[in-house]
Amino acid sequence: MTKRYFISACLLGQKVRYDGQDCLIKEIVEQLLAQQYVSLCPEVHGGLAIPRPPAEIQQGSGLDVLHQQASVLDIEGEDVSQAFIQGAYAALKVAQDFQVTDAILKANSPSCGSHLIYDGSFTGNKIQGDGVTAALFKQHGIKVITEEEFLANLSSLNS
Ligand code: SF4
């Protein structure tokens, strides 16, 4: 089956990060045809501004946030959980409408991170877990990898 991708918007060069910057990975753009993927920033689609204060999941993972058992707080203490959840469902709708099979999501983000996320202390420490959007995608059978895994797979293919 041909793969169809969802890609974090910041990885495609869109300046949607909390700090108003992007995280362009040019190899993704070079490897995939435009008709093979859809893209969106869950946090912006959840209603958050660019730029915005950084936010991290507190005492839990994205799955816990989806189950209302953990919160996402920004560094100023504002609870932005609902924006993160709304953004995740907006991303899922776009992905399902496009029949996405795979997602390349930005590592470590409280929305897009998979396997590892920041621990809520705003110190750069990481813990095991998925961001809110990554957790929702996995729940719905979409295979999620980080941009780091994408690049590692690419170099193993080319070696
Ligand atoms: Fe990138 Fe995802 Fe953060 Fe948006 S929510 S800036 S797409 S990592």
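Which loop GluC sites (Glu not before Pro) in the stretch 60-159, with loop taken from DSSP, have no more than 15 other Cβ atoms within 10 angstrom of their Cβ?
Counting only loop positions with at most 15 other Cβ atoms within 10 Å, the GluC sites (Glu not before Pro) in the stretch 60-159 are GLU76, GLU78.
At a 10 Å Cβ-Cβ cut-off, how would you order THR2, THR123, THR101, fewest neighbours first?
Taking fewest neighbouring Cβ atoms as first place, the list is THR2, THR123, THR101.
Please tell me which of these pairs span more than 19 angstrom C-alpha to C-alpha: LYS3/LYS126; LYS3/LYS138; LYS106/LYS126; LYS15/LYS126; LYS26/LYS126?
Correct reply: LYS3/LYS126; LYS15/LYS126; LYS26/LYS126.
Using modelled backbone amide H atoms (1.01 Å from N, in-plane), which distant-in-sequence or interchain residues come within less than 5 Å of LYS106's amide H?
Correct list: SER8.
How do CYS10, CYS112 line up, fewest other C-beta atoms within 10 Å first?
Ranked by crowding around the Cβ, least crowded first: CYS10, CYS112.
So between GLU149 and ALA34, what do we pick up on full extension, going 0.36 nm a residue minus the alpha carbon distance?
That pair, GLU149 and ALA34, stretches by 39.4 nm at full extension.
Just want the ordering: LEU151, LEU63, LEU105, from fewest to most Cβ atoms lying within 10 Å of their own Cβ.
Listing LEU151, LEU63, LEU105 from fewest to most nearby Cβ atoms yields LEU151, LEU63, LEU105.
State the antiparallel share, in %, of DSSP beta bridges confined to the chain, rounding to the nearest 5.
Bridges in the chain are about 40 percent antiparallel.
Between GLY46 and residues 5 or more places away or on another chain, which pairs have amide H atoms under 5 Å apart, with H built 1.01 Å from N, and which residues are they?
GLY87
Describe numerically, in nm with one decimal, the distance between label points set 7 Å from Cα along Cα→Cβ at GLN96 and at ALA49.
In this crude spin-label approximation the distance works out to 3.2 nm.
Which residues' amide hydrogens lie under 5 Å from the amide hydrogen of TYR37, considering only partners 5 or more residues apart or on another chain, with H built in the peptide plane?
HN-HN under 5 Å from TYR37: TYR5.
Each reported figure results from applying straightforward, stated rules to the coordinates on display, with no laboratory input. The structure presented is a predicted model; accordingly, all values stated were derived computationally and were not measured. Here the Cβ is made from the backbone with ideal geometry for all residues, glycine too, and neighbour counts use every protein chain on show.
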